[in-house]
Every structure is written in C-alpha cells, then in structure tokens.
C-alpha cells in the first residue's frame, strides 16, 4: 500500500470535519507483492513474468524462512528486497507527482525487534534511502484514527490488524500526552488467522474448494464470525501481557483487508463490548496513517525553517546571508510525503493523495 499526502495540507485542522474537508483519497492502484529483475538488474514490482522467477513472501523479516535473490554478483536478503521495493515505489510516485525532497515513511510490524529494525535500516541506508523513516504499523493506524475521528481523549486503542497472512494485535496510547513510543505491552502476531487462514477453513468445510462462494452465503458468514471469535484469544493474551483488561480500552480499531466484511466488526463489538472503528477501505488505513505521520514531520520541518526565516528577517540588515539561507530552507520543506506498507503477501496498492487546503 502506497499513500501520498501533499505538504500543502500539512496544517489542516485535526478531527473528523477537517479530515473530510481536506483529505481526498484517489482511486487506489493495486499490484502483487512480487519483485522481478530483468537481465540488466532493473527491479520491477508487481509483475508475474511468463518465464523466470518472481520473488514473493519476502516482506516480513520476522519469518524464519529466508528468501534471497541473486542479482549479478550480489545476494539480496529480505531486508534488501524490501529496500529495493521501497526505492521502486518512491521513484514511481515521485515521477508521477514530479516532486523532489519528499518526506517518506515505511511501516513495519510492531513485533520487529532491534535486530530486524537494524537490518532494515541498514538495507535502506545502503541504497541511499537515509531519509526514509520507519513507523510501526499500529502507530500509523492510530495516527489515522486521530485524524479521522479526533481529537480523541487520552486513552488506549486496541489495533486489530486482520490481513491476508496474519492477525496482529497491539495496544496503542492515543490522545494528548501520549509518549513518543505509544505501544503498550507486547504486540502479538498469529498466522492462524487472516485471509489465508480463513480461505483454508472455507476449503475444509466446502470439501476442498478454496472459494468462499462455494459455500452458501450465510454459512460463509457464520464461518467468518467463528474465525473472528477464535482470534479473540490472541486479543486477551495481548491484554494480559500489558496487564490491562478491556475495561481499560477505549475503542477497537479494525484494519487490514480481511477486516472489511461486516461480520468482523460485528463480532468484535459484541464480544469485546467496545466501540469498533473501521475505515471505508481498511486495507489502506495503515498507509494513510503513515502518510499523515510523514505529513506531520514535514509540517514540523517547515515550521522550524519558517522560524529560522523570521529570526533571520529580523536581522536582515546585519545578516542578509542568514536570511537567504533560511528562505531556502523554508522552500525545501515543500513537496510530497509518501508512505509505504508492504504486506507479506497479497497486493501493494497506491495512491491516496490528500489535497491542499
């Protein structure tokens, strides 16, 4: 998922009304999470070649199955492949928007430890992507929540990320006064739930067919509700790890492509007895939130540069050179901010530009 946010809208007011007025998502463009290299070593994202090998299942560095690619004399590890995809998407987005100097964020699973983050950071830096900021997926989701439904009162949000390959559950502090690292307790992941696991369940109940349509609609809905109820054990385990209960949680934010069916939010609301928030396009929530984080970073940089400009303007007669430097710094903060979230399988999709004020 790729999301774009114009820095011209960086100062849009927070909250639901401000979000509706200034955020205008464009139709998304989806591509398979695949990576191919041609004979010259040029990388392509989203292609399924007739001949040759497409590299898949590489985006989750937490998986132990090592996926590598040999390009020329170099062996690319999973973190290198993620960096290559990021570089390809940045190049494509920047070419489309004809922008320079973008703020960029790349989301990652909250369960990544120091080793995975260091590996990813090193791979990005190795190809010149020093400016790409890393943001945990539930933190990005919470940023979307505060922009779309804020301002929210200080409290806890449970992020229920039901994707194609897994279920990720995390507790995140939201609202004023939240810490720099707002994740509470230990985020948990299970591959026993999600789109792929549900497909296997449907196939088992449907006599081997992997299509949900092979079963009666009501039966498929019941199976999905059963699937979500079974996943609540992971939710309760996450709560226990953080030493809290559902009484301490203010809302549940359901994200991920597999969270789109109404049975998901219905079961969560009924069983957890908390308000459940689902975006119209839940598969885009994390990328849109990460774009908002990047936009806030760009706004802070712009304000810092503008402050330097004002201070320099006050000393114009004595320090004209400083003023010119400050003006240049203020101008360089304008451009496009990008955010990327790469699922372990499924699709990479883009773009979601936020229009100017």
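Coordinate-derived values only; no laboratory data. The structure displayed is predicted, hence computed values, not measured ones. Cβ atoms come from the backbone with ideal geometry, glycine included; neighbour counts cover every protein chain shown.
Before moving on, here are some points about what is shown:
- Gain in span if fully extended, residue 296 to residue 230, counting 0.36 nm per residue against the direct Cα distance: 20.0 nm
- Inter-label distance for residue 92 and residue 186, nm, one decimal - labels placed 7 Å from Cα along Cα-to-Cβ: 3.7 nm
- Per-pair calculated FRET efficiency, R0 = 30 Å: residue 74 and residue 115 via Cβ, rounded to 0.05: 0.90
- Cα centroid separation, segment 226-273 to segment 161-199: 10 Å.
- Segment 153-281 shape via C-alpha gyration tensor axes, a/c threshold 1.5: prolate
- Fewest-first ranking of 135, 172, using other Cβ atoms within 10 Å as the exposure measure: 135, 172
- Subtracting the Cα-Cα distance of residue 205 and residue 129 from 0.36 nm times their residue separation leaves 22.7 nm of extension gain.
- Length added when fully stretched, residue 271-residue 63, from 0.36 nm per residue minus Cα-Cα: 71.8 nm
- For 56, 107, 285, order by how many other beta-carbon atoms lie within 10 Å, fewest first: 56, 107, 285
- Sorted by Cβ neighbour density within 10 Å, fewest at the top, the residues 112, 160: 112, 160
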